[in-house]
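Throughout, read-outs are computed from the coordinates displayed, never taken from laboratory work. Note that the structure is a prediction, hence the values are computed from the model and not measured. Reconstructed Cβ throughout: ideal geometry from the backbone, glycine too, with neighbour counts over all protein chains shown.
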Amino acid sequence: MKVGVVDTTFARVNMGKLVVDEIQENFPDIIVVRRTVPGIKDLPVECKTLLGECDICVACGMPGAADKDRVCAHEASTGLIHAQLMEGKHIIEVFVHEDEAGDGRGLKDIVEDRCRKHARNAVYMLRKPEWLVKNAGTGMRQGGENAGSIQ
Amino acid sequence: MKVGVVDTTFARVNMGKLVVDEIQENFPDIIVVRRTVPGIKDLPVECKTLLGECDICVACGMPGAADKDRVCAHEASTGLIHAQLMEGKHIIEVFVHEDEAGDGRGLKDIVEDRCRKHARNAVYMLRKPEWLVKNAGTGMRQGGENAGSIQ
Amino acid sequence: MKVGVVDTTFARVNMGKLVVDEIQENFPDIIVVRRTVPGIKDLPVECKTLLGECDICVACGMPGAADKDRVCAHEASTGLIHAQLMEGKHIIEVFVHEDEAGDGRGLKDIVEDRCRKHARNAVYMLRKPEWLVKNAGTGMRQGGENAGSIQ
Amino acid sequence: MKVGVVDTTFARVNMGKLVVDEIQENFPDIIVVRRTVPGIKDLPVECKTLLGECDICVACGMPGAADKDRVCAHEASTGLIHAQLMEGKHIIEVFVHEDEAGDGRGLKDIVEDRCRKHARNAVYMLRKPEWLVKNAGTGMRQGGENAGSIQ
Amino acid sequence: MKVGVVDTTFARVNMGKLVVDEIQENFPDIIVVRRTVPGIKDLPVECKTLLGECDICVACGMPGAADKDRVCAHEASTGLIHAQLMEGKHIIEVFVHEDEAGDGRGLKDIVEDRCRKHARNAVYMLRKPEWLVKNAGTGMRQGGENAGSIQ
């Protein structure tokens, strides 16, 4: 099994490294291919290319807080979904918006939690799809506490 | 006849189970294939893949109430329509926004009603298309009371 | 000549019937194929499929007045344009937003006028394209009075 | 060389005629193919079809001033870009929003200026691409005075 | 190695020249192909065509400050991502919004910095991908000072 990991030089945390570490620490037999592009709009075609040799990709990015940045994130997300449909394989999007936390410490915590949990999601989607079915509707969250099921 | 049902671990209600139950209780001869993905943006490619073996898919998700969540839902919906056009088959989207009801009880009622009615819609589209034509313009709603025709 | 007509069970007026009637009353030699789907997001793939056997399609829907409904209409319209580009044939979109009139009577008038005029547009596009060129820039409207040319 | 010109019956000025006139007055050897469709959302597939026989297309439309009209224009523009990518040829979009001027006279001036300048752009793109490179970054505008380069 | 550079006559700074200069001054062995189109919506198909012969493209534009201009930029960006997915190659987007600075001098500084840095990014993506990985998550910015990593 081969996982592609792509992140950006724009992000203010080394997101790709977190994803790679999580996979290598827990699933040492999985081959990881790492790439970095300038910004989130460069992720779709890079991931599409990687899917030629990988079974799944993880696409990491940190869009800024301005309106323009939100539009960029929307364009990147749309492209990532398009790339998946063209290749017939998943790309797990790991975006953290710079305004999700009040300070740098809080932001780094969100980034680390989201990167590590989605790294595992990527592996489980290929190796343990039944784990996902078992957790359907349980309000899982990446970047913080789970929301849980509605009682 | 084979129906694909995909839901998410992000949702706070087990939507896929409701769809599967509705089909199995009422149409026991139909084969159901169940999958779960992390979030709604992962639905399009999963449904596209399933349409390779299924006649129709039901895609379930519960987007959050924040602006960012609405954008995610828009991206997922766009991808689901794209996937349908690529495969030439229907994907019935069953999305419930977390702010559609004031409390958990109300939300669960909406989810159950929408999931079950759309499960039937999926079956009728393939088996009884004339039922849909008969109900054209009657203001049918999933998730609550029908709006009815304008008098 | 064969025209596909698709409408929804969500709409509160039987729009498909109005389109079919207009065509059959005025162009009795034209073959009409009628389909109904649950909502407007189901229109694109249904129309795309129909275009396999039809020369043109008319896609009818009544999006609600809420913000979420506008987004749905946007997604459906985007999908309808995509379907046309894939098939190389026209789909005439006949959408009436529920808030276009103050009461039911007004809304029904808009629906009837728009459905009937666009039914004719669909036929003219195939049979009398010169009629459209002759009316270029004349401010034609469907659903009410023409706006006319700017003097 | 063959240029396709498509406009709408919705527009309140005969935009297609302005484009055709500009080309025929200045480049009498160019063959022009003229089509008219009901509204701007019908432009993409019409242009795509014309690009089968033409070297370039000019797509004219006059979206209204309401929010819904802006969304229609966005959908049409997205479709026009998609059509270009599918055919590998240019479609010059000539849209004039009904609220770009305070009165009819002002609007007609904008329409005429934009149609004529873009008609020339379309020809230059095929015959004199070096003219465009020479004018790169000069703040050219269609519909009014050029903005000029920043000093 | 061959780089395509496309800019517009709409922009108020000769962006394409800045990109070409940066490449030719620093990487004299690289072949540069320069094109200019009227506006940013014309960039996607021009870049897609150039990618037939080039290894990568740089697409430059200066969207205006009005809401309509932002929508144009969104449409152009979406098309640029689509073009990349179709060709399987990168297009580095270099857009500067006219309202990013208070005066012309400030705007020209942003334009020059962004054009030159992204010209290098384009080259590094092909020749030194490990340089990008080394700078992952370092908060690099084009058009001004780097934001840096979060401490």
Sequence-distant residues sharing a close amide H with residue B:60 (under 5 Å, placed H): B:6, B:7, B:94
How far, in nm to one decimal, is residue B:65 from itself in the other copies if the label point is set 7 angstrom along Cα toward Cβ? Shortest first, please. 2.3, 2.3, 3.7, 3.7
Output, in nm with one decimal and in ascending order, the distances from the residue E:53 label point to the matching label points of the other copies (7 Å from Cα along Cα-to-Cβ). 3.0, 3.0, 4.8, 4.8
Restricted to Cα positions, what overall size does the protein assembly as shown have along the principal axes? Three whole-Å values, descending. 72, 71, 39
Using the Cα centre of chain B as origin and beta-carbon charges of +1 (Lys, Arg) and -1 (Asp, Glu), tell me which of B:110, B:30, B:65 is placed farthest towards the positive end of the dipole. B:30
Neighbouring partner chain Cβ atoms per residue of E:103-111, average, 10 Å criterion: 1
Helix-only CD estimate at 222 nm, as mean residue ellipticity for the protein assembly as shown, using -39500 (n - 2.57) per DSSP H run (n ≥ 4): -15000 deg cm²/dmol
Can you give the charge dipole size of region A:2-134 about its Cα centre, rounded to the nearest 20 debye, using +1 on the beta carbon of Lys and Arg and -1 on the beta carbon of Asp and Glu? 260
On alpha-carbon atoms, Rg over Rh for region E:43-123 using Kirkwood Rh? 1.00
In the Gaussian network model of chain D, springs joining C-alpha atoms below 10 Å, which of D:13, D:37, D:133 carries the largest mean-square fluctuation? D:133
Mind checking the mean number of beta-carbon atoms from other chains within 10 Å of the Cβ atoms in B:46-54? 2
Here, GluC sites (Glu not before Pro) of region C:10-91 satisfying both criteria (DSSP loop; at most 16 other Cβ within 10 Å) are C:53
Mind scanning C:2/C:128; B:48/B:128; A:108/A:134; A:41/E:48; A:2/E:134 and naming the pairs with a C-alpha gap bigger than 27 Å? A:108/A:134
Where the centre of each part is set by its Cα atoms, how far does region A:38-116 sit from region B:98-134, in angstrom? 32
In Å, the C-alpha Rg and Dmax of region E:89-138 are 13.3, 37
Have a look at B:108, B:134, B:41 and tell me which one the Gaussian network model of chain B (Cα, springs below 10 Å) gives the largest fluctuation. B:134
If we hang a label 7 Å off Cα along the beta carbon direction at residue D:24, how far is it from the matching labels on the other copies, in nm, shortest first? 4.3, 4.3, 7.0, 7.0
Using the 2.2 N^0.38 Å rule of thumb for compact globular proteins, work out how chain D stacks up: its C-alpha Rg over that value, please. 1.01
Can you tell me what percent of all Cα-Cα pairs in region B:1-65 are more than 14 Å apart? 52
Computed for the protein assembly as shown: size of charge dipole around the Cα centre, +1 on C-beta of each Lys and Arg, -1 on C-beta of each Asp and Glu, debye to nearest 20, value 1100
